[in-house]
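Peer 1: One structure is given below, represented as structure tokens, and several questions about it will come after.
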Amino acid sequence: MPQTDTAQPITTTIVESTATRVYPNGNPDLPYNHAAVRNTDSAVPRPPRAPVMHDYDCEGPAPGRIAFRWIHGSNIAAKNQDPRVHVLQYNEDSFILRQNVCVHWEAPFTYLLFGNAGALLIDTGATANAAHYPLRKTVDAVIERWAQARGRRRVPLTIALTSGEDVAQNQGLKQFAGRADTTVVPPPFAAMKGHYGLVESWPGGSAGIDLGDRVITVLPTPGAHRDGVSFYDPYCDFLFTGDLLYPGKINIGNDHDFVTSLERLSAFAGIHPVKWVMGGHVEMMFVPGRYYPRFATFKPYERVLQMEPDLIDEALTYARAVQGRDTMLIRPDFVLMNGVSPDQRTSDWPEGVPKINPPHPF
């Protein structure tokens, strides 16, 4: 009996010529590339034969993930063995760093962003002693690894603060004294305004920090601090707000400026895409309206760092409500403290917010 040929015919797929399509960051259609390759350089051979020039012009926010729990301290700070600096690579050009809560109870966040011409470090944490808080060593290591992956011999660094008056965000600056290839936006109020070219327009106007095809917008936003500024990254669509708006107890320094700055951020977010508002700290718990007291070094039930952009308008609504009053007002994702002690307490619970007792941390 003759055998039957069961082999399937060979099919050929016509692939568009690479001469007609340009993939500056690698072909996103190749099966071994994850979704984020559309905006990163994951498909670039390692090590690159020439410096990699990244295309930061993309539709929508660049992909990235915050998909784990931040280190959250210990009951006995002296026995804590977690890293002194917790580093998250959000995507290939954006890093989030957090100071260990057992080194400083505020556990501030700093942000390291890269462009084709350099890097930007936003804020520097609460501790100057590099032995306790090795921020510079950590930043230098991240920059070195990034430079090797991108075929760069040098990566100029700019350091800018959301507030030069905020002790929890400016102390680590001392570690970068004398660092080569580094530009520091001067912390003194007058010098900072001069550096950004905002002497005449403050608190209006805006400035830019060009990292090389990734321009970070600088927005004056006083209110929590007299010299407060916020930063907007059009690549990740992040709005970095420092102490002005974050999931915690927001101490209002000047309620008129605070309202005006939130109005400005609301208008800005109305015409610029904002994925998340990224503050300088986390003090709220995961249950609505609950927060950790000052000086706590064990925070196992924290709220997430990132805030939805509609919280700008919520903060604005309640900032107007407390303006001119010495009061504390609790909301699910933040607490406004206007003209009162940072240790102020209130028995007034916000209407419509579930009153849930969080689990005991011990």
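The values are calculated or read from the model by the stated rules, or taken from the named source; none is laboratory data. Model, not experiment: these values are computed from the prediction. As a convention, Cβ positions derive from the backbone with ideal geometry for all residues, glycine included, and neighbour counts pool all protein chains shown. Note: accessible area is taken over every heavy atom of the protein model, side chains too, but ligands, DNA and RNA are not part of it. Shrake-Rupley method; radii C 1.70, N 1.55, O 1.52, S 1.80 Å.
Peer 1: Considering Asp237, Asp227, which residue is surrounded by 20 or more Cβ atoms within 10 Å (Cβ to Cβ), among the acidic types (Asp, Glu) and within 20 Å of Leu161 (Cα to Cα)?
Peer 2: Values: Asp237 fails: surrounded by 20 or more Cβ atoms within 10 Å (Cβ to Cβ).
Unique residue meeting the criteria: Asp227.
Peer 1: Tell me whether the range 60-75 contains one or more residues that are among the basic types (Lys, Arg), surrounded by 14 or more Cβ atoms within 10 Å (Cβ to Cβ) and modelled with pLDDT of 85 or more. Walk me through it before giving the result.
Peer 2: Our first condition is that a residue be among the basic types (Lys, Arg); within the range 60-75, this holds for 65, 69.
Cutting the leftovers down to surrounded by 14 or more Cβ atoms within 10 Å (Cβ to Cβ) gives us none.
No, there is no match, as no residue in the range 60-75 is among the basic types (Lys, Arg), surrounded by 14 or more Cβ atoms within 10 Å (Cβ to Cβ) and modelled with pLDDT of 85 or more.
Peer 1: Those residues that are at pLDDT 95 or above and either part of a loop (DSSP other than H, G, I, E, B) or under 15 Å from Pro350 (Cβ atoms) (or both), I need them from the range 300-317; list them, please.
Peer 2: Arg303, Val304, Leu305, Gln306, Glu308, Pro309, Leu311, Glu314, Ala315, Thr317
Peer 1: Kindly provide the set of residues from the range 122-146 that are surrounded by fewer than 17 Cβ atoms within 10 Å (Cβ to Cβ) and in a loop (DSSP other than H, G, I, E, B), ordered by number.
Peer 2: Across the range 122-146, the qualifying residues are Ala128, Asn129, Ala130, Ala131, His132.
Peer 1: Let me ask you something else. Please state which one of Lys193, Lys249 is closer than 18 Å to Pro108 by Cα and among the charged types (D, E, K, R).
Peer 2: Details: Lys193 fails: closer than 18 Å to Pro108 by Cα.
Residue meeting the stated conditions: Lys249.
Peer 1: Then there is this: Which of the residues belonging to the range 192-224 are under 16 Å from Asp166 (Cβ atoms) and more than 19 Å from the chain's Cα centre (by Cα)?
Peer 2: Met192, Gly223
Peer 1: Identify all residues within the range 147-175 that are assigned to a helix (DSSP H, G or I), touching a residue at least 40 places away in the same chain (Cβ under 8 Å) and either open to solvent by less than 10 Å² (accessible area, probe 1.4 Å) or more than 19 Å from Ala130 (Cα to Cα) (or both); write none if there are none. Give the steps one after another, and end with the answer.
Peer 2: Our first condition is that a residue be assigned to a helix (DSSP H, G or I); within the range 147-175, this holds for 147-150, 167-175.
Checking which are touching a residue at least 40 places away in the same chain (Cβ under 8 Å) leaves us with 148-150, 167-175.
Passing the criteria: Gln148, Ala149, Arg150, Ala168, Gln169, Gly172.
Peer 1: Would it be correct to say that Val282 is open to solvent by less than 20 Å² (accessible area, probe 1.4 Å) and part of a strand (DSSP E or B)? Write out each step before concluding.
Peer 2: On the way: open to solvent by less than 20 Å² (accessible area, probe 1.4 Å): yes; part of a strand (DSSP E or B): no.
No, not satisfied.
Peer 1: Working carefully through the options Asp213, Asp257, find the one that is more than 18 Å from Thr158 (Cα to Cα) and not in a strand (DSSP E or B).
Peer 2: Details: Asp213 fails: more than 18 Å from Thr158 (Cα to Cα).
Only one candidate passes the filter, namely Asp257.
Peer 1: Considering (1) closer than 30 Å to Pro186 by Cβ; (2) in contact (Cβ under 8 Å) with a residue 24 or more places away in the chain; (3) within 12 Å of the chain's Cα centre (by Cα), say which one Arg84 fails and leave the rest.
Peer 2: Unmet condition: (3).
Rundown of residues vs (1) open to solvent by less than 10 Å² (accessible area, probe 1.4 Å); (2) among the small types (Gly, Ala, Ser); (3) part of a loop (DSSP other than H, G, I, E, B), yes/no style:
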| residue | (1), (2), (3) |
| --- | --- |
| Ser261 | yes, yes, no |
| Ala269 | no, yes, no |
| Gly289 | yes, yes, yes |
| Ala319 | yes, yes, no |
| Arg325 | no, no, yes |
| Arg345 | no, no, yes |
| Pro359 | no, no, yes |
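Peer 1: State which residue pairs qualify: first residue open to solvent by 10 Å² or more (accessible area, probe 1.4 Å) and inside the range 100-119, second residue of a type outside the set (Asp, Glu) and part of a strand (DSSP E or B) in any location, beta carbons under 7 Å apart, and separation of 6 or more residues or different chains.
Peer 2: Listed pairs, sorted by first residue: Cys102/Gly73.
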